[in-house]
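The next block holds one structure in the form of structure tokens; read it before the comments.
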Amino acid sequence: MRTTSAYRVLVTGGAGFLGSHLCERLLGDGREVLCADNFFTGTRRNVSHLMADSRFELLRHDVTFPLYVEVDRIYNLACPASPVHYQHDPVQTTKTSVHGAINMLGLAKRVGARILQASTSEVYGDPEVHPQVESYWGRVNPIGIRSCYDEGKRCAETLFFDYHRQHRLEIKVARIFNTYGPRMHPSDGRVVSNFVVQALRGEDITIYGSGLQTRSFCYVDDLIDGLMRLMESPPDLPGPVNLGNPVEFTIRELAEKVIRLVGGRSRLVEKPLPADDPRQRQPDISLARGRLGWEPRVALEDGLRETIAYFRKLLAE
Ligand code: NAD
Ligand code: UDP
């Protein structure tokens, strides 16, 4: 029999970067955790330290297929997040977002679970409104190389709100901005892992375009705290809620920081800018501050130190 204090949580994409941190924090809070992952970008290694806990269960499952389990909360994180990975098989990326949302919403409806969607700042596309507020509808190319991810996530948001209106489902939609930290995949292709790995290997740092495009980087611990607060927030807050660190940097500034912290001799080299690469990105987090009492605490330099230490150990192995 289940107790109300130790409810069961499903984390799809739980063996990935964010998912593995979330599983760890949920177990720390006394929850039972069912982690479902198809191991496309996630690994067993990311959750191997949780396997000895009897409240943790790892299931190989692809969310594009239905899942029949009994849970009280669903965090739907399954989806490759790095452009290199989501563009590898773009049709599967759209299916993961859209069919995955339909399957997980169907599950939530059947068992009466509350469900949270890991949406993204990419729903704003290459934004004309800066910083981005939740009320902004975005500027997204529907037929470009990023569209499988951006439009997949937008359609998932639509499905979440239609299930909410039509079936009275308790939903939460988090729009996550660039998040980094330990357990990113070293060949993930995202900017923080790329720069840290390149600097540690003494290789050139690859700046795409001029490097004057901006991003705002949130440390993983802060982000997980925001996701969990949103999940447990009152039912009148379905979202969307921006979660990210509002301190904005150019990509060139990020590269210079990484080189300084690693202490290597890497040079900056310019590479072509990928198509539809957003020029600027910064979350307006007033809603999260006001309704969740949440804001990031970890400064970029401190988070980078942790991340560098993680990759240094990983590369040494
Ligand atoms: P990640 O690639 O490390 O994790 C994604 C996980 O989903 C992996 O474990 C992967 O194997 C799994 N997965 C992929 N397709 C699946 C499928 N069809 N069925 C089951 N599992 C599948 O990426 P992440 O950074 O941990 O991102 C997690 C979620 O957060 C994603 O939904 C992503 O879109 C969202 N997000 C992340 C960021 C970020 O900066 N990290 C920003 C915005 C949104
Ligand atoms: N980027 C870069 N060099 C790299 C990887 C990425 O200059 O080796 C740039 C990329 O063009 C983008 C920014 O860094 O402008 C963030 O890229 P990432 O893939 O991390 O995330 P996203 O573009 O989805 O925010």
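Computed from the coordinates by the stated procedures, all read-outs in this text should not be read as laboratory data. Values in this document were obtained by computation on a predicted structure and should not be read as measured data. Note that each Cβ is placed from the backbone with ideal geometry, even for glycine, and that neighbours are counted across all protein chains shown.
Along region 178-195, what does the Karplus equation 6.51 cos²θ - 1.76 cosθ + 1.60 (θ = phi - 60°) give for ³J(HN,Hα), rounded to whole Hz, x for Gly and Pro?
Per-residue couplings from phi come out as 2, 10, 9, x, x, 6, 5, 6, x, 10, 5, x, 6, 5, 5, 5, 4, 5 Hz.
Out of all DSSP beta bridges in the chain, what portion is antiparallel? Express it as a percent rounded to 5.
About 10 percent, rounded to the nearest 5.
Given the convex hull of the Cα atoms of region 47-92, what is a quarter of its surface area in nm²?
4.7
Kirkwood hydrodynamic radius, the chain, all distinct C-alpha pairs: what's the number in Å?
The Cα-based Kirkwood calculation yields 19.8 Å.
To make sure I understand the rule: partners must be lysines, Cα under 25 Å from the Cα of Lys109, and not fewer than 8 residues away in the same chain. Which ones qualify?
List returned: Lys95, Lys153, Lys172.
Provide the FRET efficiency to the nearest 0.05 for the Arg267-Asp236 pair, computing r from the beta carbons and using R0 = 41 Å.
Efficiency for this residue pair is about 0.20.
Taking amide H atoms as placed 1.01 Å from N in the peptide plane, list the residues 5 or more away in sequence, or in a different chain, whose amide H sits under 5 Å from that of Ala174.
Gln117, Ser119, Val241
With r defined as the distance between the Cβ atoms of Asp276 and Thr158 and R0 fixed at 25 Å, what FRET efficiency is calculated, to the nearest 0.05?
Efficiency computed from Cβ-Cβ geometry: 0.75.
Restricting things to alpha carbons, find the Rg to Rh ratio for region 72-122 using the Kirkwood radius for Rh.
So for region 72-122, dividing Rg by the Kirkwood Rh gives 1.03.
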